[in-house]
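Asks: One structure is given below, represented as structure tokens, and several questions about it will come after.
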Amino acid sequence: MTVPTTLTMPSVLTHREASGHLRAWVASLPAQGNVSLQASGLQRFDSSVLAVLLALQRAARECGCQVWVLNLPERARQVARVYGIESSLGLRT
């Protein structure tokens, strides 16, 4: 049985931090199974967070796993809705 992987989003994720977090998260993806990305601590962000989540979902598909983003702040969800990408982010409440 595979133990689920849990990742945690930082309190700040802007353009400056985006590539570093994406690299670390992609390196943490398992070959299969589910990954939970806990986003409840995210407080300060820009639209880069959405680009990171899309890239993470692409990398997860390539690895054969699924990423579920938990508790993304409402403001980020609203921006994703405006961009028409909310359903592509793997969001869970």
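Asks: Please report the carbon-and-sulfur percent of the accessible area for the chain; probe 1.4 Å, protein heavy atoms only, DNA, RNA and ligands left out.
Replies: Answer for the chain is 51 percent, counting heavy atoms of protein chains only.
Asks: In debye to the nearest 20, how big a dipole does the chain give about its Cα centre with +1 on each Lys and Arg Cβ and -1 on each Asp and Glu Cβ?
Replies: Magnitude of the dipole: close to 60 debye.
Asks: Here is a further query. Counting only heavy atoms of the protein chains, get the accessible area per residue of the chain (1.4 Å probe) and round it to a whole Å² value.
Replies: 58 Å²
Asks: What's the angle, to the nearest 10 degrees (0 to 90), between helix 48-63's Cα axis and the longest principal axis of the chain?
Replies: Between the helix axis and the principal axis of the chain, the angle is about 20 degrees.
Asks: Probe 1.4 Å, all protein chains in place: accessible area of L50 in Å², nearest 10?
Replies: 10 Å²
Asks: Follow-up. Can you give me the long-range amide H partners of F45? Hydrogens built in the peptide plane at 1.01 Å from N, cutoff under 5 Å, separation of 5 or more residues or another chain.
Replies: So F45 has HN proximity to L13.
Asks: So I have (1) 1.49; (2) 1.00; (3) 1.20, and one of them is Cα Rg over 2.2 N^0.38 Å calculated from this model. Which one is it?
Replies: Calculated Cα Rg over 2.2 N^0.38 Å: the matching label is (2).
Asks: Using modelled backbone amide H atoms (1.01 Å from N, in-plane), which distant-in-sequence or interchain residues come within less than 5 Å of S36's amide H?
Replies: Counting only residues 5 or more places away or on other chains, the set is T5, T6, L7, W68.
The values are calculated or read from the model by the stated rules, or taken from the named source; none is laboratory data. What you are looking at is a predicted structure, and each value in this text was computed from that prediction instead of being measured. Reconstructed Cβ throughout: ideal geometry from the backbone, glycine too, with neighbour counts over all protein chains shown. Ligands, DNA and RNA are excluded from the accessible area calculation, which covers all protein heavy atoms including side chains. Shrake-Rupley method; radii C 1.70, N 1.55, O 1.52, S 1.80 Å.
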